[in-house]
């Protein structure tokens, strides 16, 4: 009596296919080593930006406060500074190759690194100063710090972050 090898081949095929979707196999969910910056983003509207030489940011969470100064530094910035903002402009596609360019939009953008920041409420105060050191604006707001998942929730938390924006109406809003 001859045995069929078909069940063995089917079982072997299922094992191979199951392995194709396993983590690290290149198919399915991959968790990279990418991280996320933990801290607070600050955007300043274009209408106010020309008058701003620096921002003083204070963030308090659970009675623990951190103060950071962000100088306006143009294109020559360290990590902690206010950089010129840009918009991305679609340049279209030609022969299957697409491109885009960055153009200045007049805004200022900064980021305060806060490695101890955790998800939950936080109080943020922002003071904008002109070149003479005079206060242009002082505003305070409560924001919700949220966990950041750069690879999706399946791969775990990569950091915690919140963002605020000073609008053209001189108000501080959460973004």
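Evaluating residue 169 against the criteria (1) in a loop (DSSP other than H, G, I, E, B); (2) under 15 Å from the mean Cα position of the chain (by Cα); (3) exposed (fewer than 14 other Cβ atoms within 10 Å of the Cβ) leaves one unmet condition, (2).
Against the definition (surrounded by 10 or more Cβ atoms within 10 Å (Cβ to Cβ), within 30 Å of residue 139 (Cβ to Cβ) and either at pLDDT below 65 or touching a strand residue (DSSP E or B) at 6+ places or on another chain (Cβ under 6 Å) (or both)), how does residue 22 come out, yes or no? Taking the combined requirement at face value, the residue does not satisfy it.
Anything in segment 133-142 that is within 20 Å of residue 168 (Cβ to Cβ) and either assigned to a loop (DSSP other than H, G, I, E, B) or in contact (Cβ under 8 Å) with a residue 24 or more places away in the chain (or both)? List them, or say none.
Residues satisfying the conditions are 134, 136, 137, 139, 140, 141.
Only a single criterion out of (1) surrounded by 14 or more Cβ atoms within 10 Å (Cβ to Cβ); (2) touching a strand residue (DSSP E or B) at 6+ places or on another chain (Cβ under 7 Å); (3) at pLDDT 90 or above is not satisfied by residue 47, namely (2).
All of 76, 80 fail the test of being on the phi < 0 side of the Ramachandran plot, in a loop (DSSP other than H, G, I, E, B) and loosely packed, with under 12 Cβ neighbours inside 10 Å, apart from 76.
Among the residues examined, residue 130 qualifies as touching a residue at least 24 places away in the same chain (Cβ under 8 Å), farther than 23 Å from residue 158 by Cα and over 17 Å from the mean Cα position of the chain (by Cα).
Would you please name the residue that is modelled with the highest pLDDT, looking only at residues in segment 29-39 that are in a loop (DSSP other than H, G, I, E, B) and either in contact with a strand residue (DSSP E or B) (Cβ under 7 Å, 6 or more places away or on another chain) or surrounded by 11 or more Cβ atoms within 10 Å (Cβ to Cβ) (or both)? Among them, the one singled out is 38.
The values are calculated or read from the model by the stated rules, or taken from the named source; none is laboratory data. It should be emphasised that the depicted structure is a prediction, and the values quoted were computed from it without experimental measurement. Cβ atoms come from the backbone with ideal geometry, glycine included; neighbour counts cover every protein chain shown.
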